[in-house]
Amino acid sequence: MAQYQDDIKAVAGLKETYGSAWNAINPEYAARMRAQNKFKTGLDIAKYTAKIMRADMAAYDADPSKYTQSLGCWHGFIGQQKMISIKKHFKSTERRYLYLSGWMVAALRSEFGPLPDQSMHEKTSVSALIRELYTFLRQADARELGGLFRELDAAKDAAAKAAIQEKIDNHVTHVVPIIADIDAGFGNAEATYLLAKQFIEAGACCIQIENQVSDEKQCGHQDGKVTVPHEDFLAKIRAIRYAFLELGVDDGIIVARTDSLGAGLTKQIAVTKEPGDLGDQYNSFLDCEELSADQLGNGDVVIKRDGKLLRPKRLPSNLFQFRAGTGEARCVLDCITALQNGADLLWIETEKPHIGQIGGMVKEIRKVIPNAKLVYNNSPSFNWTLNFRQQVYDAMKEAGKDVSAYERGQLMSAEYDDSELAKLADEKIRTFQADASREAGIFHHLITLPTYHTAALSTDNLAKEYFGDQGMLGYVAGVQRKEIRQGIACVKHQNMSGSDIGDDHKEYFSGEAALKAAGKDNTMNQFH
């Protein structure tokens, strides 16, 4: 950050220009404040993080072991703590992002109260969360740099000052790409465009959109999903691209998600102009029965295909159903057409974490788009333990091994935890992301709802201890003592909330008259 020294000189020049009226302004303090506010707007963040993602995508194409990861967020503090922890443990945020889950916004941040993942929450609550996440990440930068500046002031010799200055010059920001969930666009293509602009202005460099009907949207892991014809979906992809271009984020990233694997319904019969076009391909998957003109009933909808009249099966809900077993073929077609029409990455929502299933679809997609890459939901909706134990059970049985000691339907039971089968399954879970990135084209692995579950689990454990016979020891032993020994930054919660930053500013603004919070009576000093 040679910029730091340059800023000191620049402000010193301004001070000289404006004369005695600026006598109380300290150029170094001003430079410190600039360093602590590297990103001035959400668009600055979007442009910066888009370049990171593009570089990571190119690195993955060259080496599939360089996949990326993220964890879902529902509060700025959660996102901040993730990145602080990553920097603490790995010294870098390289290839680690944040994911903003529409599910968690609906369940945890709607003014209506907890809602299912059906796009019923306020659409602007997602862009507001993007803005909040980056506010917390920027404060994490300010807090960390503030600590370095205080160390610099306290350093006694030139060598110590130089070492601290090097840390300041090479400071690694907590600001990372966010993959932001726009659901099905919350309306038509124009509504998608308007909302995408808010996402981008808040800092999002990457927007994920799904091919469900906006007003029939369901969680990807629930039943009743309804997809739209390809042209409708492609219009929304183009709308997002125009939003990126309008705002000057020319390398913004679009993730096209297909829910076709679990979606057996459509609301519309696609428009088709000639055999084999995109609309005709979409309609070819419809569950139809052949009939003659004199068999038409009142209100029947028919399509003509290969010279035959076909009546798609229409449900009482006025929805049409696809033929059973066509999900994978529809996913492949969705993915190819999305990449051919402006999307950058794919998301195939599956019902289980199975490398063979995902890899089979990616193999078909790559016959047309050789560098196709996926974002994959390592979802808490999957029972990972049971799924992988059953996969290992099936493989052992197929290999002729004795599986009589196991009951396939009960493999979740703790009685199997120390078994050979369980250990093999756990190893497959451990290496799932690396294996899937190598064998199934997955560039980015995310967990949508991790902190929803960790908050519930940790709160349950604390409540059980604190309100039980452990009393205050339940908190001290189960939380605070672990925070101190593991070096969790928020054990100093006053510091995390910006108290020391505020003290610095008081000194900048008021000099010796500053009334600081971090004096000898501040109980946070107990955690030095």
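Is it fair to say G264 is small (G, A, S), under 24 Å from C205 (Cα atoms), modelled with pLDDT under 95 and touching a strand residue (DSSP E or B) at 6+ places or on another chain (Cβ under 8 Å)? No.
Residues that are surrounded by fewer than 18 Cβ atoms within 10 Å (Cβ to Cβ) and at pLDDT below 95 occur at least once in the stretch 61-76.
If I filter the stretch 207-241 down to residues being in a strand (DSSP E or B) and of a type in the set (A, V, I, L, M), which single residue comes out as farthest from Y282 (Cα to Cα)? For the stretch 207-241, the residue satisfying everything is I207.
Name the helices (runs of 4 or more DSSP H) wholly inside the stretch 1-76 in which the number of residues that are closer than 26 Å to E201 by Cα is 2 or more. If you could, list the steps in order and put the result at the bottom.
Details: elements: 2-18, 27-35, 42-62.
Filter on the stretch 1-76 gives 27-35, 42-62.
Condition check for Y406 on (1) part of a helix (DSSP H, G or I); (2) crowded, with 17+ Cβ neighbours inside 10 Å; (3) free of Cβ contacts under 8 Å to residues at least 60 places away in the same chain: one failure, at (1).
For (1) more than 23 Å from N383 (Cβ to Cβ); (2) among the hydroxyl-bearing types (S, T, Y); (3) touching a residue at least 12 places away in the same chain (Cβ under 8 Å); (4) not assigned by TED's automatic domain parsing to the domain that holds R366, each residue gets a yes or a no:
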residue	(1), (2), (3), (4)
S437	no, yes, yes, yes
T454	no, yes, no, yes
N461	no, no, yes, yes
F467	yes, no, no, yes
E483	yes, no, no, yes
S497	yes, yes, no, yes
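Being under 29 Å from Y376 (Cα atoms) and surrounded by fewer than 17 Cβ atoms within 10 Å (Cβ to Cβ) is a property that R314 lacks.
Residue by residue, here is whether (1) farther than 22 Å from Q3 by Cβ; (2) of a type outside the set (D, E); (3) surrounded by 23 or more Cβ atoms within 10 Å (Cβ to Cβ) holds:
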residue	(1), (2), (3)
D169	no, no, no
H174	no, yes, yes
D183	yes, no, yes
E190	yes, no, no
I200	yes, yes, yes
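For residues in the stretch 279-303 being surrounded by 10 or more Cβ atoms within 10 Å (Cβ to Cβ) and charged (D, E, K, R), which is farthest from E216 (Cα to Cα)? Per the stated criteria, the residue is E290. On the stretch given as the stretch 81-125, residues that are in a helix (DSSP H, G or I) and in contact with a strand residue (DSSP E or B) (Cβ under 9 Å, 6 or more places away or on another chain) total 8.
Among the residues of the stretch 324-340, write down those that are free of Cβ contacts under 8 Å to residues at least 40 places away in the same chain and touching a strand residue (DSSP E or B) at 6+ places or on another chain (Cβ under 7 Å).
Filtering the stretch 324-340 down to residues free of Cβ contacts under 8 Å to residues at least 40 places away in the same chain leaves 325, 332, 336, 340.
None; the set is empty.
Among residues of the stretch 504-528 that are loosely packed, with under 10 Cβ neighbours inside 10 Å, those with a Cβ under 8 angstrom from a residue that is at pLDDT 85 or above, sequence gap 6+ or separate chain, pair up as L515/K506. Taking the numbered list (1) of a type in the set (D, E, K, R); (2) touching a strand residue (DSSP E or B) at 6+ places or on another chain (Cβ under 7 Å); (3) over 30 Å from F443 (Cβ atoms) in turn, E16 passes all entries but (2). Among the residues making up the stretch 151-206, a single one is among the aromatic types (F, W, Y) and part of a loop (DSSP other than H, G, I, E, B): F186. What do you reckon, is V255 under 26 Å from L446 (Cα atoms), in contact (Cβ under 8 Å) with a residue 24 or more places away in the chain and hydrophobic (A, V, I, L, M, F, W, C)? The answer is yes for V255.
The values are calculated or read from the model by the stated rules, or taken from the named source; none is laboratory data. None of the values given here were measured: they were computed from a predicted structure. No Cβ is skipped: glycine too gets one built from the backbone with ideal geometry, and neighbour counts run over all protein chains shown.
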